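This report refers to the structure that appears directly beneath it.
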Amino acid sequence: MRLASAPARIVQFGRRRWIWILAIAAVPVILLVAADVLLDEPLRRVVERDMNARLHGYRVTLPALDFRVLGFSVALKDLLVLQEAHPDPPVARIPKIVASVQWKELVFGHVVADFRIDRPVVYANLEHFRQEQKDPVPIKDKGWQDALQAAYPFKINELKIVEGEVAYEDRGPYPPLRVSHLNIVARNIRNIHSREHTYPSELQATAVVFDSGRLAFDGHADFMAEPHAAFKGDVRLEEITLGYFKPITQRYNLTVSKGTLSADGTVEYGHDGATLAQLRQVTVDGALIDYVHSAPTKAAEQQTIRKVEEKARQVSNAPETLLRVDRARIVKSTFGFVNEAAQPPYRVFIADTDIEVKNLSNHMTEGMAVASLRGKFMGSGATVVNATFRPEMEGPDFDLAVAIEDTQMRAMNDLLRAYGKFDVVGGLFSFYSELSVKHRRIEGYVKPLFRDLKVYDKRQDQDKTAFRKLYERLVEGVSKLLENRPRSEVATKAEVSGSLDDPKTSTWQVIVRLIQNAFFKAILPGFDEQLSRPKP
């Protein structure tokens, strides 16, 4: 038997040594792999249990969890969030949440985590919303942050949401209100050493709103502020389609069919609850908006008006709330009032509207607001409205001037039938008014004017009853007697003077009442004895 040479023995020894070294080195790797595999299911159960223990009114299901010992990271997969009262459909589907050590902060001695949430879809419908309204616990106090923190032992310092989606679906044949491609980055969340009104954490967000609109936020936040998180930053909205709000606005008797909204400004929700919303520029383009009044909804309308008025009084000159619009424009828009309670129903509208408002605020210290309107009443009457709103001290304080000229009266026939029980086949309508409200008194005048009025037409009115034909002949006869020769005008002027009886009357209440009493009722002088002197 031949013995291996010395060099051969050395080679064999070297091979065995490397095999042992590799085998020893492989042991921890195998253990890590085994730990990854074996710990996944126990950790999944623990995380799911702990998340549910922190939530109120909601629960989660976590089908899978992937724990990586080597990088000390955890991935939650296919997470579902369900509202316990209405679990189907889920309110959120999250394909993946990854939490790991924020290694760059270790250099500074901070052991914190970063979270990345991939492609979350948050969904809510009317049933979910109504349940939240009934629940005494606010949505922000449901334990969301604590539940997320239960997935990982280290505190969150950086949060990223990648390609998220938020949708709300109402009843009816309407598309959901959808915000897509939502991307949010929040950094330096754990910096709790901040002075009041300072925001140490960076916060950016971008999204697509309703398929074509854009939203962007760029600012800072203090997520650790007490009693609530605070933030401040610049916000920009571009081409937000107003028609998507139709299922919501209809509950307030508003029908919004067209139009887009763009705006940019600064918003702040402070440490002490102070709220700032200063919009530098607001533009509404191509809107078609009708307010619809009907007998069945009259009580609900009054309740809504009272709520709006109460909220307006609460924020008026409130020291903790500053709302300001530097410049707002509404262009190429149509605004209408539909009265379905009248017989027959009618619609009054202003088309081709161009409105500009400057320096509008809820604080008297911000100075005077100025508004102007240009449009076409009933699609034909050239309309000019100018208004000045002074800071309110003892109630509404404003001046209003209105001029409507040469409206084709045939477009007003439904209105004339509802209030005067007749229609016309020709004529022009104009309206002039100047009103001032100050020190809880109103002074001014309203002057409707008719020209070339033709009420009765044999061919148009041939199917009407004999009594109706006689009535319309009488109406036309009265207008002839009132004509201002040689211009063939029927004119009347009513002075408006008096006090505002209700000390809580708001500016918008006064304007609405003026429109109802001084305009609609003055539109038919001489045909209703109660219309001779309108009152505010």
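The condition of being under 39 Å from the mean Cα position of the chain (by Cα), under 23 Å from V166 (Cβ atoms) and buried (at least 17 other Cβ atoms within 10 Å of the Cβ) holds for only one of P120, P95, that being P120.
When you scan region 151-169, do you find a residue that is among the acidic types (D, E) and within 18 Å of the chain's Cα centre (by Cα), even just one? Within region 151-169, one or more residues are among the acidic types (D, E) and within 18 Å of the chain's Cα centre (by Cα).
Taken together, the criteria exclude P136 from residues that are part of a loop (DSSP other than H, G, I, E, B) and surrounded by 16 or more Cβ atoms within 10 Å (Cβ to Cβ). Beta carbons closer than 8 Å, at least 6 apart along the sequence or on distinct chains, pair a first residue in region 284-313 that is among the small types (G, A, S) with a second that is open to solvent by 80 Å² or more (accessible area, probe 1.4 Å) and at pLDDT below 70 for A312/W508.
With respect to being among the acidic types (D, E), at pLDDT 95 or above and open to solvent by 30 Å² or more (accessible area, probe 1.4 Å), E163 fits the description. Within region 19-30, can one find any residue that is surrounded by 11 or more Cβ atoms within 10 Å (Cβ to Cβ), modelled with pLDDT of 60 or more, over 16 Å from P153 (Cα atoms) and of a type in the set (A, V, I, L, M)? Scanning region 19-30, I find no residue that is surrounded by 11 or more Cβ atoms within 10 Å (Cβ to Cβ), modelled with pLDDT of 60 or more, over 16 Å from P153 (Cα atoms) and of a type in the set (A, V, I, L, M), so the answer is no. From the list Y168, Y199, Y152, which one is in contact (Cβ under 8 Å) with a residue 60 or more places away in the chain and either at negative phi or outside any loop (DSSP other than H, G, I, E, B) (or both)? On inspection, the qualifying residue turns out to be Y152.
The set of residues in region 166-202 that are modelled with pLDDT of 85 or more, open to solvent by 60 Å² or more (accessible area, probe 1.4 Å) and in contact with a His (Cβ under 7 Å, 6 or more places away or on another chain) contains only E202. Within region 72-89, the residues that satisfy the criterion of being open to solvent by 30 Å² or more (accessible area, probe 1.4 Å) and over 24 Å from R130 (Cβ atoms) are F72, K77, D78. Selection of region 68-99 for residues being closer than 11 Å to A151 by Cα and without any contact (Cβ under 8 Å) to a residue 60 or more places away in the chain yields S73, A75, I97, V98, A99. Looking across region 365-380 at every residue that is modelled with pLDDT of 90 or more and either open to solvent by 50 Å² or more (accessible area, probe 1.4 Å) or in contact with a helix residue (DSSP H, G or I) (Cβ under 8 Å, 6 or more places away or on another chain) (or both), the one that is farthest from I404 (Cα to Cα) is identified as V370.
Residues that are over 24 Å from P138 (Cα atoms) and either small (G, A, S) or in contact with a His (Cβ under 8 Å, 6 or more places away or on another chain) (or both) were ranked within region 206-235; the one that is surrounded by the fewest Cβ atoms within 10 Å (Cβ to Cβ) is S212. Count of region 235-282 residues, restricted to those that are more than 27 Å from H220 (Cβ to Cβ) and of a type outside the set (A, V, I, L, M), is 16.
Please pick out the residue among K258, K298 that is at pLDDT below 85, among the basic types (K, R) and open to solvent by 60 Å² or more (accessible area, probe 1.4 Å). One residue alone meets the criteria, K298.
Going residue by residue through region 236-244, is there one that turns out to be surrounded by 15 or more Cβ atoms within 10 Å (Cβ to Cβ), assigned to a strand (DSSP E or B), aliphatic (A, V, I, L, M) and within 15 Å of the chain's Cα centre (by Cα)? Within region 236-244 (the criterion being surrounded by 15 or more Cβ atoms within 10 Å (Cβ to Cβ), assigned to a strand (DSSP E or B), aliphatic (A, V, I, L, M) and within 15 Å of the chain's Cα centre (by Cα)), the answer is yes, since at least one residue qualifies.
The values are calculated or read from the model by the stated rules, or taken from the named source; none is laboratory data. All values derive from a computational prediction rather than experimental measurement. Every residue, glycine among them, receives a Cβ derived from its backbone with ideal geometry; neighbour counts consider all protein chains shown. Quick note on the areas: whole protein, heavy atoms, side chains included, nothing else; ligands and nucleic acids left out. Shrake-Rupley method; radii C 1.70, N 1.55, O 1.52, S 1.80 Å.
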